[in-house]
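These notes are about the structure you will find just below.
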Amino acid sequence: MKVLIVDDDKLVCSSLKIILDSDKDITVTGTGYNGKEGVKLYEELRPDVLLMDIRMDEMTGLEAGEIILSKYHNAKILYLTTFLDDDYIIKALNIGAKGYMLKQDFDSIVPSLHAIYKGQNVYGNEIITKLPNLLHQSNPAANYSSYGITEKEYEIICKIADGLSNKEISELLFLSEGTVRNYISLILEKLNLRDRTQIAIFYYKNK
């Protein structure tokens, strides 16, 4: 299993590398120190699992994860952080992360990577106790998480439901029209729909 580590604390990166290198089935293919490096290294190295912090300079781990998952929707990301913020956990769920753990759970890191590599989702005990309440909060985008729809894709679904064209969506969300078209193709695939009209109907049925 190839693992990429991204954390803005170089000591944490070194410690994680030592822990992971002790497992004969894990190879650390690279380390990065902010979200931008994480995106760049993911594209270069295409690891099996990305182990990433959340709060980092230049670009957060959540922003980096959203970019990666919008392009590689089968990417496996495990967030390892010191923060138990509800907003972070919801965002991680919405963008399609495979796991969320606290850094103090050192003994669980290697087993969690193996579980995610095999296709499972993994959450630390503290996160599991929060999930029932978080999933029942008023958050329309969360209704789409079971379909693998990211927050950005949900934004685009809303704009389509409002009757906006690709050009208008691209201008509002500061994306190219080509990127909007790519997002729409992914949305159609994930929701098993044929066209924009069906996306709008799906939206109003699932509000």
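Nothing in this text is a laboratory measurement; each read-out follows from the coordinates by a stated rule. The structure presented is a predicted model; accordingly, all values stated were derived computationally and were not measured. Glycine also receives a Cβ, built like all others from the backbone with ideal geometry; neighbour counts cover every protein chain displayed.
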Report summary line: Restricting to aspartates and glutamates and to Cα separations under 18 Å from K10, and discarding same-chain partners fewer than 8 apart, the set is D21, E37, D53, D57, E58
**Report entry** Highest-first arrangement of 61-71, 185-195, 43-53, where packing means the average Cβ count within 10 Å
**Finding:** 61-71, 43-53, 185-195
Query raised in the report: According to a simple spin-label model (label point 7 Å from Cα along Cα-to-Cβ), what is the distance in nm between E177 and I18?
Result: 5.5
**Report entry** Positive-end residue, the chain charge dipole about Cα centroid, Cβ charges, pick of Y33, T150, A161
**Finding:** A161
Report task. For a quick protection proxy, order the peptides 196-205, 88-97 by their average other-Cβ count within 10 Å, most packed first. Result -> 88-97, 196-205
Report task. Please report, in debye to the nearest 20, how large the charge dipole of the chain is about its Cα centre when each Lys and Arg carries +1 at its beta carbon and each Asp and Glu carries -1 there. Result -> 720
Report summary line: Inter-part gap, Cα centre of the stretch 63-112 to Cα centre of the stretch 165-207, in whole angstrom, is 25
Report summary line: Cα-Cα longer than 29 Å, checked against K40/K152; K17/K190; K2/K159; K36/K152; K2/K91, kept in input order, equals K17/K190; K2/K159
Report summary line: With label points set 7 Å from each Cα along the Cα-to-Cβ direction at S146 and E189, the distance between them in nm comes to 2.3
